[in-house]
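Following: one structure in structure tokens, then a few remarks.
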Amino acid sequence: MDKKLVIIPTYNEKENIEAIITKVFSLEGGFSVLVIDDGSPDGTAGIVKKLQEENGERLYLIERSGKSGLGTAYLTGFKWALEHGFDYVFEMDADFSHNPKDLPKLYKACLDGADVAVGSRYCNGVSVVNWPIGRIIMSYYASVYVRKVLRIKVFDCTAGFVCYKRKVLETMDLDAVRMKGYGFQIEMKYTAHRLGFKIAEVPIIFVNRKLGSSKMSSGIFGEAFWGVISLRFRKFLPRS
């Protein structure tokens, strides 16, 4: 059976973390979970440690000393996944904005020929629930901007619900990934595209979090805006 790892970065997610892990473990297919916690003062890591007593062979935890950015959390997780022999590696939020029931759909898309499967909010219209209209517009047109500047045929370039085949992460020079916030998602997809990997979009319904607080900021959007321009002129080479 393929080894599948779901990476979940956390910062102050005590309201969600046990429920999201339990939901992933209820799925067929044997998904494992790696939580990467950035020193949550609310005790998120402690909850994960208690769950490890019952799920030690499927639940893993990396604790970092402070908030170091979404991108660095995922990069840490990708390297860990490669070192521990996982075949498929998933990105997923802790707050149920991504429905764990869609994980098998992303996996199937990769089995059907994709190298990267993106849980897409925009490939089939706009599928976002409970977001303010201003945020929907900003997110949608951010992806339009990325698509035009980078000439990439992905409707949801900023999506954070993704499945990567192992060979994609092995081929990428993960140490060369520069953007650490919102732009990280764009850079990963564009790098995969430039290296010749096939990207498929799987329509999902994105639901705004009900518990906890969002970690988004205007600075994250600024990094993405200027970072996209620099990506357009960067050379992409496979890891040597």
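The values are calculated or read from the model by the stated rules, or taken from the named source; none is laboratory data. The structure presented is a predicted model; accordingly, all values stated were derived computationally and were not measured. With ideal geometry, Cβ positions are generated from the backbone for all residues, glycine too; neighbour counts draw on all protein chains shown.
Before we move on, is Arg58 within 20 Å of Asn99 (Cα to Cα) and either over 18 Å from the mean Cα position of the chain (by Cα) or charged (D, E, K, R) (or both)? Yes; evaluated as a whole, the condition is true for this residue.
Of the listed requirements (1) surrounded by fewer than 23 Cβ atoms within 10 Å (Cβ to Cβ); (2) closer than 30 Å to Ile229 by Cα, Val118 misses just one: (1). Determine, yes or no, whether Leu61 is touching a helix residue (DSSP H, G or I) at 6+ places or on another chain (Cβ under 9 Å) and within 26 Å of Ser127 (Cβ to Cβ). So Leu61 fails the test. Is there a residue being at pLDDT 95 or above and farther than 21 Å from Leu174 by Cβ anywhere in segment 59-79? Checked against the condition, which is being at pLDDT 95 or above and farther than 21 Å from Leu174 by Cβ, segment 59-79 yields at least one hit. Kindly indicate whether Val149 is surrounded by fewer than 18 Cβ atoms within 10 Å (Cβ to Cβ) and at pLDDT below 85. No; evaluated as a whole, the condition is false for this residue.
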